[in-house]
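What follows is a short report on a single structure.
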Amino acid sequence: MIRQIDLAGCFTLPGSAVTLNRADYGAMQLAGRHDNKLIWGPPRDIDVAIAVLREAAASGVNHIDSADFYGPHVTKQIIWRCCLRSRPAVSATAKYLSNLQQSGVGPWNLASQPRQVHL
């Protein structure tokens with residue numbers, strides 16, 4: 001039987017043996033909400049967020065898309081805790097921004113130095 005995830009196909013990263021499914025999991029909604037700010041702070045229930053990621057991996061997702069500013073930093077920590085330490089077949093990609101003000105209003109500046117990127 002063909003799984004839904006297989007219908008999207010896959011691709012191999014150039015110069016590597018890493019093959020990713022084209023259907024990935026977008027991790028933006030793993031973060032919580034704080035007042036009127038969406039995607040801010042930890043989720044209401046961390047165990048549910050982890051269960052969602054585990055189900056995605058069990059369903060064949062091997063590529064998780066995240067961003068440093070989801071939470072901020074929250075989704076990356078959940079992904080690391082759930083998948084990357086225990087499931088080496090799962091890859092994560094991230095968009096990086098830095099210098100976020102505490103208010104969550106910006107400015108959003110591109111992280112351009114390796115020291116600005118952490119998981």
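Can you pull out every residue in the stretch 48-70 that is of a type outside the set (Gly, Ala, Ser) and free of Cβ contacts under 8 Å to residues at least 40 places away in the same chain? Explain how you work it out, then say what you get.
Taking the stretch 48-70 as the starting set, the residues that turn out to be of a type outside the set (Gly, Ala, Ser) are 48, 50, 52-55, 61-65, 68-70.
Result: Val48, Ile50, Val52, Leu53, Arg54, Glu55, Phe69.
Out of the stretch 36-50, which residues are part of a helix (DSSP H, G or I) and exposed (fewer than 13 other Cβ atoms within 10 Å of the Cβ)? Quick ask: steps written out before the conclusion?
Going through the stretch 36-50, the residues part of a helix (DSSP H, G or I) turn out to be 46-50.
Selection gives Asp47, Val48.
Scan the stretch 21-50 for residues that are of a type in the set (A, V, I, L, M, F, W, C), under 14 Å from the mean Cα position of the chain (by Cα) and modelled with pLDDT of 85 or more and jot them down.
Result: Ala27, Met28, Leu30, Ala31, Ala49, Ile50.
Is it the case that the stretch 63-71 has a residue that's aliphatic (A, V, I, L, M) and either assigned to a strand (DSSP E or B) or over 24 Å from Val18 (Cβ atoms) (or both)?
The first filter runs over the stretch 63-71 and keeps only residues aliphatic (A, V, I, L, M), leaving 64, 67.
From the residues that got through so far, the ones that are either assigned to a strand (DSSP E or B) or over 24 Å from Val18 (Cβ atoms) (or both) too are 64, 67.
Within the stretch 63-71 (the criterion being aliphatic (A, V, I, L, M) and either assigned to a strand (DSSP E or B) or over 24 Å from Val18 (Cβ atoms) (or both)), the answer is yes, since at least one residue qualifies.
Across the stretch 1-35, what is the total count of residues that are assigned to a loop (DSSP other than H, G, I, E, B), in contact with an Asp or Glu (Cβ under 7 Å, 6 or more places away or on another chain) and aliphatic (A, V, I, L, M)? Give the steps one after another, and end with the answer.
Initially, the stretch 1-35 is screened for residues assigned to a loop (DSSP other than H, G, I, E, B), giving 1-3, 9, 13-18, 22-24, 31-32, 35.
Retained after the next criterion (residues that are in contact with an Asp or Glu (Cβ under 7 Å, 6 or more places away or on another chain)): 24.
Still in the running and aliphatic (A, V, I, L, M): none.
Summing the residues that are assigned to a loop (DSSP other than H, G, I, E, B), in contact with an Asp or Glu (Cβ under 7 Å, 6 or more places away or on another chain) and aliphatic (A, V, I, L, M) in the stretch 1-35 gives 0.
Enumerate the pairs (first residue in the stretch 26-47 and at positive phi; second residue anywhere and among the basic types (Lys, Arg)) with beta-carbon separation below 8 Å, excluding pairs fewer than 6 apart on the same chain, so at least 6 apart or on different chains.
Ile39/Arg33; Gly41/Arg33
Counting just the residues of the stretch 51-72 that are surrounded by 13 or more Cβ atoms within 10 Å (Cβ to Cβ) and acidic (Asp, Glu), which one comes out farthest from Gly26 (Cα to Cα)?
Among them, the one singled out is Asp68.
The values are calculated or read from the model by the stated rules, or taken from the named source; none is laboratory data. Predicted model, so just to flag it, every value in this text is computed and none were measured. With ideal geometry, Cβ positions are generated from the backbone for all residues, glycine too; neighbour counts draw on all protein chains shown.
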